Amino acid sequence: MNAVSAAAASAIPEAGFDWRPIALLAALALGALPLVGSPSTWVTLTVAGLAMGLIVFIIASGLTLVFGLMDVLNFGHGVFIAVGAFVATSVMGGMAGWTMSPQLLPNLGAIFVAMLAAMTVAGAIGFAFERVIVRPVYGQHLKQILITMGGMIVGEEIIKVIWGPQQIPLPLPESLRGAFLFGDAAIEKYRVLAVVVGLLVFAAMLWVLGRTKVGLLVRAGVQDREMVESLGYRIERLFTGVFVVGSALAGLGGVLWGLYQQSVVPQIGAQVNVLIFIVIIIGGLGSTLGCFVGALMVGLLANYTGFLAPKVALFSNIGLMVAVLLWRPQGLYPVTSR
Amino acid sequence: MNALNRLLSHDLPKSRWLAAALVLIVIALALAPFLFPGAKALSVAAKMLVFIVLVASFDLLLGYTGIVSFAHTMFFGIGAYGMAIASTRLGEGWFAVAAGLAAALAVSLLLSLVIGLFSLRVKAIFYAMITLAVAAAFQTLASQLSDFTGGEDGLSFKNPTLLSPSFEALAEPLFGLAIDGKVITYYLLFVAAALLFLLMLRIVNSPFGRVLQAIRENDFRAEAIGFRSVVYRTLSNVLAALFATVAGALLALWLRYTGPDTTLSFEIMLDILLIVVIGGMGTLYGAIVGSVLFVLAQNYLQDLLKLGATALEGVPLLGAVVTPDRWLLWLGVLFVLSVYHFPTGIVGRLRAARGADPR
């Protein structure tokens, strides 16, 4: 069932569903098992990789949707990640009573409130960003790249004005520290939370894109913008909506990423930018499913190589990108209209 | 006049104000050691020279060919590291300088050729993303190969005797200035920058340069006329990379040090982008005006903002906005405004003002 809607979300009018990228993902995970050796370590690494991959997916999904729908690549996407993470530091810092409590419920509550706040702020800024920065340069790629890059410079500096240029710690709430132990396999509690949130977001996206009218319009817009317009839908409004949602998701991803790193710096956006670009290139620009598979691949590979050969791990993303592009030059799930 | 015209490849400033500004800048840079005594002023002037070459080479790519690359600092870094590694391995001397430069040029040539052929066939956005990723990987590589590159600490090395600060060329000071190795290095940079700039001016005003501009304006049409745009784009990419490599080598000669922060960091990439756009895309003179203004702002605007900050000490938010540390904020705003309102930059503005001139 899931796979059917996934095929729909990937925006390819293909007859059959393309299983090979997903098979590759599974092969990657299983192939690492003999290399890692002990199964318990493998479980730990796999969960860590999935958690990282899902966080990256949340961040990158908005970017790839915006690109697919409106052919705008937002180099300033990183700002929303940073905004989300910094809002989380303020919110969770202000809710010390809930975060320090040893009970799980208030802890989750604090994270939930931080996520909501981060998404609201990032979404609102995304709205302004789309109106002021991106709208005047539709259809002009060169200017888009320059202007969104400029937006990122300004955004980063404004963050420094508000929160200061230094690194801010973002500690995990009490009950999310530490790990569950299953036999020998240690699974960090926070990573489980990240996996759950990531899967929820993915499921929600699939549902919206595959089962609702808005999703239908978005998918149709990715395929053929003029046709949607000529059928009487205001594609601009739709796009603003997608941009806001994409920014809000980046804000959410920023919270998760900040908690994952346990600290935030204003440059976080620029740092994550490279990673998410690699992910959406691997996935095929504009494809949601491709973004999902690509993000999981990047997350898994980063964790496996980090364990097996730490020096190589730093280049695993680039290596993966080159390998995928040699196999499929348009990415895992190419969007046919481009 | 005719000789000057030929020297500038018939691409004159075409604006009285621009010409005056350029003459002023050239005179100031040529006489900088005499006019502005002090180590800081000379370093600022040397940085301007290096940035003029670096930014002009980026303009070759962005302004003339319409390609956005984020890997330009990578080639800049290759030049600087080539110089540093050769000088530490082979011992200081002109041979090390030549070997380092040659090796760096060869590496840049290969790398830019591979990146170009691999990814210039596709859309501008794709190229921008690929280069961003490659540059990030290269930066990591440089900091990881610490045996070779000195890692995060970078490499300090010695220049050939003639260029080392302790070298005294003349027993007596000339016009009140002791001519030491530092001054000689400065003039080496000055001559090199001038030659490289004129060479680039020659390139963009050659038939080859016209093809690049045609591709920038409409690549489909250029292709239809019979120019293979991939070949021209790749050549432009390679040329830009080579010029950036030389700029990096010049910087290394000046600093006698190479590290990730001085050459490879993403901040420098953003600086280059800011300078090209604010100075003026598609005109090499923009690189001169832009670099000079930017480096001046980087080094002295902060002092100016400090004045503003002390004046606004009590005001809560406004005070934080004008602190000297936030100078990049204002430059970023200027950048965004200039992409919208005057995409041709300062130079384009000055030239347009001349068009309104009744002369």
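The values are calculated or read from the model by the stated rules, or taken from the named source; none is laboratory data. Computed from a predicted structure; not experimentally measured. Because the Cβ atoms are built from the backbone with ideal geometry, glycine has one as well, and the counts that use them run over all protein chains shown.
Considering every residue within region A:283-297, establish whether at least one is farther than 23 Å from A:N74 by Cβ and either of a type in the set (S, T, Y) or part of a helix (DSSP H, G or I) (or both). If you could, list the steps in order and put the result at the bottom.
Here is the first cut: in region A:283-297, the residues farther than 23 Å from A:N74 by Cβ are none.
Within region A:283-297, none of the residues are farther than 23 Å from A:N74 by Cβ and either of a type in the set (S, T, Y) or part of a helix (DSSP H, G or I) (or both).
Quick one: which helices (runs of 4 or more DSSP H) sit completely within region B:282-359 and have at least 2 residues that are at pLDDT 80 or above? Explain how you work it out, then say what you get.
Details: elements: B:284-296, B:302-311, B:316-321, B:327-341, B:345-356.
Helices (runs of 4 or more DSSP H) meeting the threshold: B:284-296, B:327-341, B:345-356.
Return a yes/no flag: does region B:120-138 have any residue that is assigned to a helix (DSSP H, G or I), more than 30 Å from A:R328 (Cα to Cα) and more than 9 Å from chain A (Cβ to nearest Cβ).
Let us first name the residues in region B:120-138 that are assigned to a helix (DSSP H, G or I), namely B:124-138.
Next, from what is left, pick out any that are more than 30 Å from A:R328 (Cα to Cα): none.
Checked against the condition, which is being assigned to a helix (DSSP H, G or I), more than 30 Å from A:R328 (Cα to Cα) and more than 9 Å from chain A (Cβ to nearest Cβ), region B:120-138 yields no hits at all.
Of all residues in region B:254-284, which are under 16 Å from B:I85 (Cβ atoms) and either of a type in the set (S, T, N, Q) or out of contact with any helix residue (DSSP H, G or I) (no Cβ under 6 Å at 6 or more places or on another chain) (or both)?
Here is the first cut: in region B:254-284, the ones under 16 Å from B:I85 (Cβ atoms) are B:255-260, B:262-264.
Result: B:L255, B:R256, B:Y257, B:T258, B:G259, B:T262, B:T263.
Given (1) assigned to a helix (DSSP H, G or I); (2) touching a Leu at 6+ places or on another chain (Cβ under 9 Å), where does A:Y233 come up short, assuming only one miss?
Just one mismatch for A:Y233, condition (1).
Do the conditions hold for B:L170, that is, is it away from chain A (no Cβ under 14 Å) and outside any helix (DSSP H, G or I)? Explain how you work it out, then say what you get.
Numbers: away from chain A (no Cβ under 14 Å): yes; outside any helix (DSSP H, G or I): yes.
So B:L170 passes the test.
Could you say which residue among A:V279, A:V274, A:V265 is within 11 Å of chain B (Cβ to nearest Cβ) and either surrounded by fewer than 24 Cβ atoms within 10 Å (Cβ to Cβ) or in contact with a Ser or Thr (Cβ under 7 Å, 6 or more places away or on another chain) (or both)?
Working: A:V279 fails: either surrounded by fewer than 24 Cβ atoms within 10 Å (Cβ to Cβ) or in contact with a Ser or Thr (Cβ under 7 Å, 6 or more places away or on another chain) (or both); A:V265 fails: within 11 Å of chain B (Cβ to nearest Cβ).
Sole residue among the options that is within 11 Å of chain B (Cβ to nearest Cβ) and either surrounded by fewer than 24 Cβ atoms within 10 Å (Cβ to Cβ) or in contact with a Ser or Thr (Cβ under 7 Å, 6 or more places away or on another chain) (or both): A:V274.
Report yes if some residue within region B:241-248 is surrounded by 22 or more Cβ atoms within 10 Å (Cβ to Cβ), within 14 Å of chain A (Cβ to nearest Cβ) and either modelled with pLDDT of 85 or more or closer than 24 Å to B:L195 by Cβ (or both); otherwise report no.
No, that holds for no residue.
If we scan region B:200-222, do we find a residue that is acidic (D, E), within 14 Å of chain A (Cβ to nearest Cβ) and out of contact with any Ser or Thr (no Cβ under 9 Å at 6 or more places or on another chain)? Lay out the reasoning, then the answer.
Taking region B:200-222 first, the residues acidic (D, E) are B:217, B:219.
Next, only the ones that are within 14 Å of chain A (Cβ to nearest Cβ) stay: B:217, B:219.
Adding the requirement that they be out of contact with any Ser or Thr (no Cβ under 9 Å at 6 or more places or on another chain) leaves B:217.
The answer is yes; a qualifying residue exists.
Taking the stated definitions as given, is A:T64 modelled with pLDDT under 85, β-branched (V, I, T) and buried (at least 18 other Cβ atoms within 10 Å of the Cβ)? Steps first, answer last, please.
Values: modelled with pLDDT under 85: no; β-branched (V, I, T): yes; buried (at least 18 other Cβ atoms within 10 Å of the Cβ): yes.
For A:T64, the condition - modelled with pLDDT under 85, β-branched (V, I, T) and buried (at least 18 other Cβ atoms within 10 Å of the Cβ) - is not met.
Go through (1) at pLDDT 85 or above; (2) within 13 Å of chain B (Cβ to nearest Cβ) and name the single condition A:P329 misses.
Here A:P329 clears every test but (1).
Please tell me if A:Y233 is more than 14 Å from the chain's Cα centre (by Cα) and more than 14 Å from chain B (Cβ to nearest Cβ).
Details: more than 14 Å from the chain's Cα centre (by Cα): yes; more than 14 Å from chain B (Cβ to nearest Cβ): yes.
In short, yes.
Take the residues in region A:127-150 that are polar (S, T, N, Q) and in a helix (DSSP H, G or I); name whichever of them is farthest from the other protein chains (Cβ to nearest Cβ). So that I can check it myself, show each step before the final result.
Narrowing region A:127-150 to residues polar (S, T, N, Q): A:140, A:144, A:148.
Of the ones still in play, those that are also in a helix (DSSP H, G or I) are A:144, A:148.
Details: A:Q144: 8, A:T148: 10 Å.
Top of the filtered list is A:T148.
Please specify each residue of region B:57-106 satisfying the condition of being under 17 Å from the mean Cα position of the chain (by Cα) and outside any helix (DSSP H, G or I).
Once the filter is applied, which keeps residues that are under 17 Å from the mean Cα position of the chain (by Cα) and outside any helix (DSSP H, G or I), region B:57-106 yields B:I67, B:V68, B:S69, B:F70, B:A71.
Would you check if A:V192 is more than 14 Å from every other protein chain (Cβ to nearest Cβ), part of a helix (DSSP H, G or I), in contact with a helix residue (DSSP H, G or I) (Cβ under 7 Å, 6 or more places away or on another chain) and not basic (K, R)?
On the way: more than 14 Å from every other protein chain (Cβ to nearest Cβ): yes; part of a helix (DSSP H, G or I): yes; in contact with a helix residue (DSSP H, G or I) (Cβ under 7 Å, 6 or more places away or on another chain): no; not basic (K, R): yes.
Against the criterion (more than 14 Å from every other protein chain (Cβ to nearest Cβ), part of a helix (DSSP H, G or I), in contact with a helix residue (DSSP H, G or I) (Cβ under 7 Å, 6 or more places away or on another chain) and not basic (K, R)), A:V192 does not qualify.
Could you give every pair whose Cβ atoms fall below 6 Å, whose first residue belongs to region B:324-349 and is more than 9 Å from chain A (Cβ to nearest Cβ), and whose second residue is crowded, with 20+ Cβ neighbours inside 10 Å and not in a helix (DSSP H, G or I), counting only separations of at least 6 or pairs across chains?
B:T344/B:G280; B:G345/B:G280; B:I346/B:G280; B:V347/B:G280; B:V347/B:T283; B:G348/B:G280
Can you tell me how many residues in region A:50-109 are polar (S, T, N, Q) and touching a strand residue (DSSP E or B) at 6+ places or on another chain (Cβ under 8 Å)? Walk me through how you get there before you give the answer.
Here is the first cut: in region A:50-109, the ones polar (S, T, N, Q) are A:61, A:64, A:74, A:89-90, A:99, A:101, A:103, A:107.
Filter once more, keeping what is touching a strand residue (DSSP E or B) at 6+ places or on another chain (Cβ under 8 Å): A:89.
Going through region A:50-109 one residue at a time, the tally reaches 1.
So which residues in region A:129-178 are in contact with a Lys or Arg (Cβ under 8 Å, 6 or more places away or on another chain), closer than 12 Å to A:V72 by Cβ and without any contact (Cβ under 8 Å) to a residue 40 or more places away in the chain?
A:V137
Quick check on my filter: what residues within region A:67-105 are within 12 Å of chain B (Cβ to nearest Cβ) and part of a helix (DSSP H, G or I)?
Residues of region A:67-105 within 12 Å of chain B (Cβ to nearest Cβ): A:67, A:71-79.
Residues satisfying the conditions are A:F67, A:H77, A:G78, A:V79.
How about region B:140-154: which of its residues are assigned to a helix (DSSP H, G or I) and facing chain A (nearest Cβ under 10 Å)?
Those that are assigned to a helix (DSSP H, G or I) and facing chain A (nearest Cβ under 10 Å): B:T140, B:L141, B:S143, B:Q144.
Identify all residues within region B:192-216 that are surrounded by fewer than 20 Cβ atoms within 10 Å (Cβ to Cβ), among the charged types (D, E, K, R) and touching a residue at least 40 places away in the same chain (Cβ under 8 Å); write none if there are none.
Passing the criteria: only B:R202.
Every residue in region A:160-184 that is part of a helix (DSSP H, G or I) and either of a type in the set (D, E) or within 14 Å of another protein chain (Cβ to nearest Cβ) (or both), please.
The first filter runs over region A:160-184 and keeps only residues part of a helix (DSSP H, G or I), leaving A:160-163, A:174-176.
Answer for region A:160-184, where residues must be part of a helix (DSSP H, G or I) and either of a type in the set (D, E) or within 14 Å of another protein chain (Cβ to nearest Cβ) (or both): A:K160, A:V161, A:I162, A:W163, A:E174.
Would you point out the residue of region A:164-214, among those that are of a type in the set (F, W, Y) and surrounded by 18 or more Cβ atoms within 10 Å (Cβ to Cβ), that is farthest from A:V293 (Cα to Cα)?
Taking region A:164-214 and keeping what is of a type in the set (F, W, Y), we get A:180, A:182, A:190, A:202, A:207.
This time we only want the ones that are surrounded by 18 or more Cβ atoms within 10 Å (Cβ to Cβ), so: A:190, A:202.
Working: A:Y190: 22, A:F202: 11 Å.
Filtering first and then ranking leaves A:Y190.
Would you mind telling me which numbered condition in (1) at pLDDT 85 or above; (2) surrounded by fewer than 17 Cβ atoms within 10 Å (Cβ to Cβ); (3) touching a helix residue (DSSP H, G or I) at 6+ places or on another chain (Cβ under 9 Å) B:K123 fails?
(1)
Quick check: is even one residue across region A:220-228 free of Cβ contacts under 8 Å to residues at least 12 places away in the same chain and surrounded by 19 or more Cβ atoms within 10 Å (Cβ to Cβ)? Can you show your working first?
Here is the first cut: in region A:220-228, the residues free of Cβ contacts under 8 Å to residues at least 12 places away in the same chain are A:220, A:226-228.
Next cut, surrounded by 19 or more Cβ atoms within 10 Å (Cβ to Cβ) only: A:228.
Yes - at least one qualifying residue is present in region A:220-228.
Return yes or no: is A:E157 more than 14 Å from every other protein chain (Cβ to nearest Cβ) and in contact with a Pro (Cβ under 9 Å, 6 or more places away or on another chain)? If you could, list the steps in order and put the result at the bottom.
On the way: more than 14 Å from every other protein chain (Cβ to nearest Cβ): no; in contact with a Pro (Cβ under 9 Å, 6 or more places away or on another chain): yes.
Criteria not met by A:E157.
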